[in-house]
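The values are calculated or read from the model by the stated rules, or taken from the named source; none is laboratory data. What you see is a predicted model, and the numbers here were worked out from it, not measured in a lab. Don't worry about glycine lacking a Cβ; one is built from the backbone with ideal geometry, like all the others, and counts go over all protein chains shown. Accessible surface is based on the protein model in full, side chains and every heavy atom, while ligands, DNA and RNA are left aside. Shrake-Rupley method; radii C 1.70, N 1.55, O 1.52, S 1.80 Å.
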Amino acid sequence: MSPPRVVRKQGGYHRCVQWTERQLLVVSEGLVGMTCWYEGPLAAFDTETTGVDVETDRIVSAALVVQDAPGGRPRVTRWLVNPGVPVPAAATEVHGLTQEHLQRNGRWPAPVMYEVAQALAEQAAVGRPVVVMNAPFDLTLLDRELRRHRASSLSRWFERSPLLVLDPRVLDKHLDRYRKGRRTLADLCAQYEVELEEAHDAAADAVAALEVTRAVGRRFAARLERLSPGELHTLQAVWHAAQARGLQAWFARTGTEEIVDPAWPLRPDLPAAA
């Protein structure tokens, strides 16, 4: 039986204490707990790619940032990949990575994908939530790269410890659903007053997504502080599916043939994935 959650009022505001099995902190009163997830340790993951098709496009760079506490300096791990396929000019215009640069400085995909999956599995093992903006895109691309180059899958890395994902796009869209406008990372940074430096650099985008997620938590603390990252992970899958159904209905009304996948945070594999 899990210990109860406790909410203590301190200095005019409420501080939540979330009990977990992995992350425990002994406080002076003799209680054991963990501060609200958005004020605790977080990681964030992001990729840059050759395009936007998760089944055929490739990862050209990736980054994982880990921050132990708000305001702390994040630890950054970067990967640069020679994808082994042409890099379209349109993709280079977005992230600035040319085919020539990647061929000279990038590593072959197989060892990189192993290292990336291992790094994410390490976050799962210690129970640290991982922020992934538009998670079905980045995580599905990583899964397809693992299948392509390692004859493996992303889910195999989390059989012992589940990956707890926080997707600021899903969170913001659910919690502020009637706000008009787009919800790209740049839009969310503007909405939550987060500085975004070097947009479309994997590390910079990951840091910004992490800070946006903390800001979402604080703004909607009354609705989020009692939820653990595990509970939020489950809820986001439900919220994303509802958001996908709404977008699909809008496409139907406007005559758009685009299909919206309701799966989150990872799309199921296709019978003939590239």
Quiz item: Can you find a residue in segment 107-118 that is surrounded by 14 or more Cβ atoms within 10 Å (Cβ to Cβ), at pLDDT 95 or above, in a loop (DSSP other than H, G, I, E, B) and touching a strand residue (DSSP E or B) at 6+ places or on another chain (Cβ under 7 Å)?
Solution: no
Self-check item: Neighbours by Cβ (under 7 Å, 6+ apart or cross-chain): first from segment 46-62, under 16 Å from GLY84 (Cβ atoms); second of a type in the set (Ser, Thr, Tyr) and part of a loop (DSSP other than H, G, I, E, B)
Solution: ASP57/THR50; ARG58/THR50; VAL60/THR50
Quiz item: What number goes with the only condition from (1) within 18 Å of LEU139 (Cα to Cα); (2) hydrophobic (A, V, I, L, M, F, W, C); (3) open to solvent by 20 Å² or more (accessible area, probe 1.4 Å) that ALA209 does not pass?
Solution: (3)
Quiz item: Has segment 226-243 got any residue that is within 25 Å of ASP53 (Cα to Cα), open to solvent by 50 Å² or more (accessible area, probe 1.4 Å) and of a type in the set (Val, Ile, Thr)?
Solution: yes
Self-check item: Hits in segment 119-130 - residues which are assigned to a loop (DSSP other than H, G, I, E, B) and open to solvent by 60 Å² or more (accessible area, probe 1.4 Å)
Solution: VAL126
Quiz item: Condition test on HIS200, is it surrounded by 12 or more Cβ atoms within 10 Å (Cβ to Cβ) and out of contact with any His (no Cβ under 9 Å at 6 or more places or on another chain)?
Solution: no
